Amino acid sequence: MSKSSAVIHKEKRINAISTRTNVLLLCILAVFALLCVLPVLLVVIVSFSSEQSIFRNGYTFFPAEFSLNAYRFFLRLGDQIIRSYGITLFVTIFGTLFSLAVTTMLSYVLSRPDYRYGRILTFLLLFTMLFNGGMVPSYMVNTQLLGLRDSVWALIFPMSLNAFYVIVLRTFFKSIPLEIIEAAHIDGAGEFRTFLRVVLPLSKPGIATIGLFTVIAYWNDWFLGMLYIFETKKYPIQTLLQSMQNSLEALTQSSANALEYAEMAKNAPTDSGRMALTVLVVLPVMLAYPFFQKYFVKGLTVGGVKG
């Protein structure tokens, strides 16, 4: 009885220590999460603050005066905002699907040990990660050779293939047992059908993770719009935000009634306007995170190996 009592006492002590450790870790994670949320919350609060209160008190979590002038201003400039949102949505959706299609197919081919030129292509991919021609040759190829200047396709194709993502998915595909692929071939499936029906369903966590990174990259990109787009009406939302941070002139040029918008620009909210446009830009990406979150914690379990 004394031994059993000692064992029970030891287990209770271990459970108490484990509970205290878990509580401490939860508190640390809660503080870290709060530090991540506070800047976003500050941006939202400032976007609803008046310019006078920002001028007097600076950025604060407790503004002296709330105002919707920044959002009203963008509603009056709704033609350019809606157009830029539409361009960014198209670029993000189509670009992500196209990029995932190219990346997954190339990664799967390179992951197959029976592919003759796998090492050569892998070396070429790794080489592009270390060395590249630079911005000027890339600009000349995209504008003069491919004719992508001032086109929405200039926002998609230059980012459609990322060598690092190919290497990551190649490693992920290699973790799938070859017995499953061989079993699909024995059942009469070709390479493309095996890729669609067998490999892709088993690779959802990796594909979803790369897909999220690609969505964020397309949504947050402003440099390609500044580099290749010259008409303001074709600006994506991030390039529009960058233009507004420099000057409101880009917004006034987007409307046929330039005099009316020029008058608006004189009284336009600057600080709160930037924050309001930031909220409008960040909100869709924040809504996309819960959809992909489950794939970050979900493990890959492969069963039913034939043979």
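The values are calculated or read from the model by the stated rules, or taken from the named source; none is laboratory data. Since the structure is predicted, the reported quantities are computational estimates derived from the model, not experimental observations. Methodologically, a virtual Cβ is constructed for each residue, glycine included, from the backbone with ideal geometry; neighbour enumeration extends over all protein chains shown. Heavy atoms of the whole protein, side chains included, go into the accessibility calculation; ligands, DNA and RNA do not. Shrake-Rupley method; radii C 1.70, N 1.55, O 1.52, S 1.80 Å.
Cβ separations smaller than 7 Å between residues 6+ apart or across chains give the following pairs from segment 272-292 residues that are under 19 Å from Ile81 (Cα atoms) and among the charged types (D, E, K, R) to residues that are open to solvent by 20 Å² or more (accessible area, probe 1.4 Å) and assigned to a helix (DSSP H, G or I): Arg274/Gln245. Looking at the structure I just gave you, is Lys204 open to solvent by 20 Å² or more (accessible area, probe 1.4 Å), touching a residue at least 24 places away in the same chain (Cβ under 8 Å) and either over 27 Å from Thr92 (Cβ atoms) or touching a Gly at 6+ places or on another chain (Cβ under 7 Å) (or both)? Considered against the rule, which asks whether it is open to solvent by 20 Å² or more (accessible area, probe 1.4 Å), touching a residue at least 24 places away in the same chain (Cβ under 8 Å) and either over 27 Å from Thr92 (Cβ atoms) or touching a Gly at 6+ places or on another chain (Cβ under 7 Å) (or both), Lys204 comes out as no.
One line per residue, one yes/no per condition, for (1) surrounded by fewer than 17 Cβ atoms within 10 Å (Cβ to Cβ); (2) at pLDDT below 85; (3) part of a loop (DSSP other than H, G, I, E, B):
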position: Ala154; (1), (2), (3): no, no, no
position: Phe164; (1), (2), (3): yes, no, no
position: Ile176; (1), (2), (3): no, yes, yes
position: His185; (1), (2), (3): yes, yes, no
position: Ala208; (1), (2), (3): no, yes, no
position: Gly211; (1), (2), (3): no, no, no
position: Tyr218; (1), (2), (3): no, no, no
position: Leu224; (1), (2), (3): no, no, no
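Only residues that are more than 21 Å from Met226 (Cα to Cα) and among the β-branched types (Val, Ile, Thr) were counted in segment 146-174, giving 4. Restricting segment 129-145 to residues that are farther than 30 Å from Glu231 by Cβ and not aromatic (Phe, Trp, Tyr), which is most open to solvent (accessible area, probe 1.4 Å)? Per the criteria, the residue is Leu130. With respect to the conditions (1) among the charged types (D, E, K, R); (2) in a helix (DSSP H, G or I); (3) in contact (Cβ under 8 Å) with a residue 40 or more places away in the chain, Asp150 falls short on a single one, namely (2). Taking the stated definitions as given, is Tyr235 at pLDDT 85 or above, within 22 Å of Thr88 (Cβ to Cβ) and open to solvent by less than 30 Å² (accessible area, probe 1.4 Å)? Judged against the criteria, Tyr235 is not a match. Counted as qualifying within segment 21-128 are the helices (runs of 4 or more DSSP H) with 3 or more residues that are surrounded by 12 or more Cβ atoms within 10 Å (Cβ to Cβ) and touching a residue at least 24 places away in the same chain (Cβ under 8 Å), namely 69-76, 78-111. Being modelled with pLDDT under 70 and either surrounded by fewer than 14 Cβ atoms within 10 Å (Cβ to Cβ) or of a type in the set (Ser, Thr, Tyr) (or both) is true of Glu260.
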